[in-house]
Amino acid sequence: MADQHTGNSANSSTNDGTFNRITGTSSADRRTTRRTAFGLRTAWTPVGFRYTRIRRSLERSNSMAKTSRRNRAHLPTEAIVIGGGIAGCTLAYELASNGIKTIVIEQNVIAAESSGRNTGTLLSGPQSEVVQMLDACVAIYEELADGPVPFEFERIGHLLIAEDDETLEKAEATAHRYRQAGVGMERAIGTDLANDHPALGFNIAGGYFVERAWTLEPMGATHAFAHAARRAGAVFQTGTRVAQIHTHNGKVQGVLTDQGILASDMVFIANGLWANDVLRRTVGDDPLPSLPLSAGRGWLVQLGALGFRIPWIVEEFTWPDQEELGKRMSLRGLDDLARQRDDQIAVEAICLNPMKGGDARLGATVQPAFRDLVRNTDIASRMAARTLRMIRGLEGPTIRNVYPGNRPMLPDGLPVAGPTRIEGLFVHGGMGSIGMHAAPATARWLVDAVLNNNGRITRSWLSPNRFAGWDS
């Protein structure tokens, strides 16, 4: 246990299946980590069999796509994806790889919103749904990690910290939920962490090492999917707005853009917080209901070179699980606006992601928000002060930029992926704070369902039918 660990044992490697607190790996995984002057690195480097597996996976995907095209003449052959963030680019990758003629329409540029404005962390959580998406996404990222668009994808440790004894005591219940979801946890003592890592200047009661986590550069990751989609035949139109979705007799017909009408067998709404705009402007049949989306506005601090190595993503225990986060982000009617609930912080927490280039991203205090109404601009200052209370060693790095990002949140904190009551019209979004570690999986599951099950994913917790008015 971490209560008895020393500086030397922290980097030890065993062969008995035990948990490694630095890399967040078990001994079964450590055959793919590599040693450097710093000890065990968390590179999750594809070596030998892993390169072969990826190559064979791609060859198998190409073969399946060709077979699929021959065997599904009765299925749609064209798709329009609305949105060029991670939700839209992963859909384009999956659709084009399956032989579907795909056009992506983005009103701005690729990854302009939350897909390019997040910490780039892929973390486990105390919910089985989150773990399912994480495991599936890691496998998909591995397919692209050695491609022509680098995105700094690697495995890393994960340390959950508690500032005081009261928070640490409460954290035991959260750690139990992690274990129930199949995620290994090991307790750490604050004084041990401070002694073993003096450069960080820890001033905390303690925390837990979490079994597995990954890091990536989100802008690059989104572009990697876009590039792979283009190579598979997809076309991207940026700087183009979708004004309407056209339907007739319960079936989608295409979309109206600033450049004219585009016909298509299928349309996928994947434009984040703008999803309800196009749902409202779906014309030709009875109106469609809206999704209960709200903006979770977080702030990001881009730090410069740290000058020392941090072997984990450091996250505070005060960050809630997805279900609780969704509840706190929910905004309803005029009463919430009148009481300025969108000007009230819902979660105060820090999340530090040390990037592969030696710099770091710091988040992630968050508030419920209306998409285009900006308030509470002192959050970044509060987040900086909170960080320095617990990690004093971060006084030194320069700040390159500070900026907000809006996360498209749903009331239960989970994404949505599935059909509307209009044949050929699908929704894919509501990724919230876990878009980078949800969208690749949910896009694959949705496209598989479109090709095999009318778009109905077997995971009911992703279905739009869980929301009022959406039972189709």
Exercise. So what's the gap between the Cα centers of the range 328-395 and the range 253-287, to the nearest angstrom?
Worked result: 32 Å
For this session: With label points built 7 Å along Cα→Cβ from the Cα atoms of ALA338 and ASP321, find their separation and express it in nm.
Result: 3.5 nm
Seminar exercise, completed: In nanometres, the difference between 0.36 nm per residue of separation and the alpha-carbon distance of ASP146 and ALA199 is 15.8 nm
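Calculate the FRET efficiency for GLN302 and ALA385 from the Cβ-Cβ distance with a Förster distance of 25 Å, rounded to the nearest 0.05. Working shown, then result.
Working: r = 18 Å, r/R0 = 0.70.
Efficiency for this residue pair is about 0.90.
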For this session: Just add up the charged neighbours of LEU325: K/R +1, D/E -1, any other residue whose Cβ is under 14 Å from the Cβ of LEU325.
Result: -4
For this session: Treat every Asp and Glu Cβ in the range 144-261 as -1 and every Lys and Arg Cβ as +1, leave all other atoms uncharged, and give the resulting dipole magnitude about the Cα centre to the nearest 20 debye.
Result: 1020 debye
Exercise. What does the accessible area of LYS356 come to, in Å² to the nearest 10, when a probe of 1.4 Å is used?
Worked result: 110 Å²
For this session: Give the Kirkwood hydrodynamic radius (Å, one decimal) of the range 213-360, defined as one over the mean of 1/r across all pairs of different Cα atoms.
Result: 19.6 Å
Problem set entry | Cα lying deepest toward the dipole's positive end in the range 286-389, options PRO292, ALA349, LEU303, charges on Cβ | LEU303
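Among residues other than VAL183 whose Cβ falls under 10 Å from its Cβ, what is the net charge (Lys/Arg +1, Asp/Glu -1)?
Working: positive: ARG177, ARG179, ARG212; negative: GLU211.
Result for the neighbourhood of VAL183: +2.
Please give the net charge around ALA243, taking every other residue with its beta carbon less than 9 angstrom from that of ALA243, where Lys and Arg add +1 and Asp and Glu add -1. Working shown, then result.
On the way: positive: ARG241, ARG281; negative: ASP258.
Summing Lys and Arg as +1 and Asp and Glu as -1 gives +1.
The values are calculated or read from the model by the stated rules, or taken from the named source; none is laboratory data. From a predicted model like this one, the values you see are computed outputs, not experimental measurements. Using ideal geometry, Cβ is built from the backbone for each residue, glycine included, and neighbour counts are taken over all protein chains shown. Calculation scope for accessible area: heavy atoms of the full protein, side chains included, ligands and nucleic acids excluded. Shrake-Rupley method; radii C 1.70, N 1.55, O 1.52, S 1.80 Å.
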